1. Taking LEU320 as meeting all but one of (1) open to solvent by 20 Å² or more (accessible area, probe 1.4 Å); (2) within 29 Å of TRP114 (Cα to Cα), write down the number of the exception.
2. Within region 284-311, can you find the residues that are within 23 Å of PRO109 (Cβ to Cβ) and open to solvent by 40 Å² or more (accessible area, probe 1.4 Å)?
3. I'd like the full set of residues that are open to solvent by 40 Å² or more (accessible area, probe 1.4 Å) and of a type in the set (A, V, I, L, M), limited to region 131-150.
4. Return the total of residues in region 152-206 being modelled with pLDDT of 75 or more, open to solvent by less than 70 Å² (accessible area, probe 1.4 Å) and under 24 Å from the mean Cα position of the chain (by Cα).
5. Determine, yes or no, whether VAL355 is open to solvent by 40 Å² or more (accessible area, probe 1.4 Å), modelled with pLDDT of 85 or more and either under 14 Å from the mean Cα position of the chain (by Cα) or not basic (Lys, Arg) (or both).
6. Would you be able to say whether some residue in region 324-332 is closer than 21 Å to GLN402 by Cα and in a helix (DSSP H, G or I)?
7. If you scan region 346-398, which residues turn out to be part of a helix (DSSP H, G or I) and under 19 Å from ILE155 (Cα atoms)?
Amino acid sequence: MSTIAAPATAPRWSWLPATGTWKYHALLVCLGIFVLGPLGGVTASYMNFSLGFFVGGQVLAGILGSTVTFGYGAEGKHGANYMQTAAASVAGMSGMGVLVQAMVWMGLPQPPAWQLVLYMLCIGMFGVGVGMLYTPMLVDRMQLTYPSGLAVANILRALTDPVLLRRSVAKLGSGIAAGIVGGIAAGKVAFLGAIELSTSTLGAGMLVGARIGIPAITSGLIFWALVPHFVSVGWLKEGEPFRKIAFLIALGLIMGAALIDIAIVLKEAAARLRGQAPAPEAQAEWKRVNTTRLLLWVAFWGAGIVVTGHLVLGAPVGFLAFAIALVFVFVMVNGISVGVSDSNPISSAFVVSVVLMAALGLKDPVVGLVAGMVLLISTSIGCDMQQDRSTGWRLGTNRVLQFRYQVVGVLMGAIMAVVFATLFMKATRCCSSTRR
């Protein structure tokens, strides 16, 4: 990929390095992967381990990053975008650490940490490349909305205003304080303990809103009421939680809805493509990417997935190659879904891939998990990359540099995914033994 160096400009604060210098990029990288990334990563991991889903950290990283890049004035939006790109990659990969817990639950001996990091790193790097491959079509030509990407772009533009920046940081800080106080109080106040107050669940509900919160509460109540029926027909044993069977029913609902959503999304995509004029051949300097190098990147890390997945985790080459082929389909389809609705149905991608592999003769559930990890991580990271590209497209951020920040974030994220997974699994075992 071609390298475009931004001209160095002097910041308004003397302690900040000039833009475009190696010190400038070193500062942004360190803040992105050592401060903002782990902050978003521990949040994503905790949400996935406790709630079963997580919310991307682009907005959080954008606001916090802007407190530093504010010193660069209007040009600080690019630096903040670089930081949030790296930090969001760390958070997204960290959230995938829950797959390590799934390995343990399925009876697979946990491989050494370096093997898990290597495998997840190959998948993440592959997902970055595939996401970049689809950028010219989904972001440049189709110009999908990508609601979160649009929100981050607007935030980064607006946060050059010191009043708005202080207000945003104050609200963020008050939310963190409320979460800490509520979490401590739930273990100290009898009433809050009795109702099992969870500030993380409350915060997640505030983020996803009524569109997801109301169906979640409604379905929970319905399944709770159906527990006696599930026991009577043998689907559950006495005392087992309804989640055991509700999870399978929910997956079926997701698959059915995904088929409808994918058909609608593809129909809308075709209409958009027909209505858009072809992109001009001459691209702006900040958009240019060396396609040959990008294809080599995708091929290299795709081969890395096959090698590490087969030699390290023992998965058959055929199923790994099949999963890699499906990534090209789902990063496109899910990318369109994210661009239109801000929803990434990665569970559907995983379930559909496992069902297809079962139709091809898959018998071992552990192999299904190892191969399915390729879909889960690549689709999550690839669509996240496109979301970041949409922010960069609106700000005019250098695409090659943004790619490099994502690569650094994925590298750190692969490490943090294993670290956080180990931490939360140990904490869970400790809490369980304490209760006993």
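1. Unmet condition: (1).
2. Within region 284-311, VAL307, HIS310, LEU311 qualify.
3. Residues satisfying the conditions are LEU133, MET137, LEU150.
4. 6
5. Answer is no for this residue.
6. Scanning region 324-332 turns up at least one residue that is closer than 21 Å to GLN402 by Cα and in a helix (DSSP H, G or I).
7. Once the filter is applied, which keeps residues that are part of a helix (DSSP H, G or I) and under 19 Å from ILE155 (Cα atoms), region 346-398 yields ASP384, MET385, GLN386, GLN387, ASP388, ARG389, SER390, THR391, GLY392, TRP393, ARG394, LEU395.
Matching residues to (1) of a type in the set (A, V, I, L, M, F, W, C); (2) buried (at least 21 other Cβ atoms within 10 Å of the Cβ):
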residue: SER343; (1), (2): no, no
residue: ALA349; (1), (2): yes, yes
residue: PRO365; (1), (2): no, no
residue: LEU376; (1), (2): yes, yes
residue: THR379; (1), (2): no, yes
residue: GLN386; (1), (2): no, yes
residue: ARG404; (1), (2): no, no
residue: MET412; (1), (2): yes, yes
residue: PHE424; (1), (2): yes, no
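The values are calculated or read from the model by the stated rules, or taken from the named source; none is laboratory data. The structure presented is a predicted model; accordingly, all values stated were derived computationally and were not measured. As a convention, Cβ positions derive from the backbone with ideal geometry for all residues, glycine included, and neighbour counts pool all protein chains shown. With ligands, DNA and RNA removed, areas are computed over all heavy atoms of the protein, side chains included. Shrake-Rupley method; radii C 1.70, N 1.55, O 1.52, S 1.80 Å.
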